[in-house]
Amino acid sequence: MVLFLLLILVALVLGIIGFAVHGLFFLLIIGAVVLVLDLVYAATRFRRGGRKHRIVR
């Protein structure tokens, strides 16, 4: 969970810097890519994580 939140923060900071500073538009693109990869990582982790907690009766 810490990795997920850290990557969200990194993507946000890169996006803000890339939007605000002239000539650093590539940082906005990198921030967007990091955000998308982080959301995919979280989705696969949360989907996999639910299987091992089931109780077999």
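The values are calculated or read from the model by the stated rules, or taken from the named source; none is laboratory data. Quantities reported herein were computed from a predicted structural model and do not represent experimental measurements. Counting neighbours? That spans all protein chains shown, and the Cβs are built from the backbone with ideal geometry, glycine included.
Taking region 1-12 as the range and being surrounded by fewer than 13 Cβ atoms within 10 Å (Cβ to Cβ) and either in a helix (DSSP H, G or I) or at pLDDT 90 or above (or both) as the test, the residues that pass are 2, 3, 5, 6, 9.
Every test in (1) over 19 Å from the mean Cα position of the chain (by Cα); (2) modelled with pLDDT of 90 or more is passed by residue 51 save one, and that test is (2). Filtering 42, 20 for residues that are surrounded by 10 or more Cβ atoms within 10 Å (Cβ to Cβ), in contact with a helix residue (DSSP H, G or I) (Cβ under 7 Å, 6 or more places away or on another chain) and aliphatic (A, V, I, L, M) leaves a single hit, 42.
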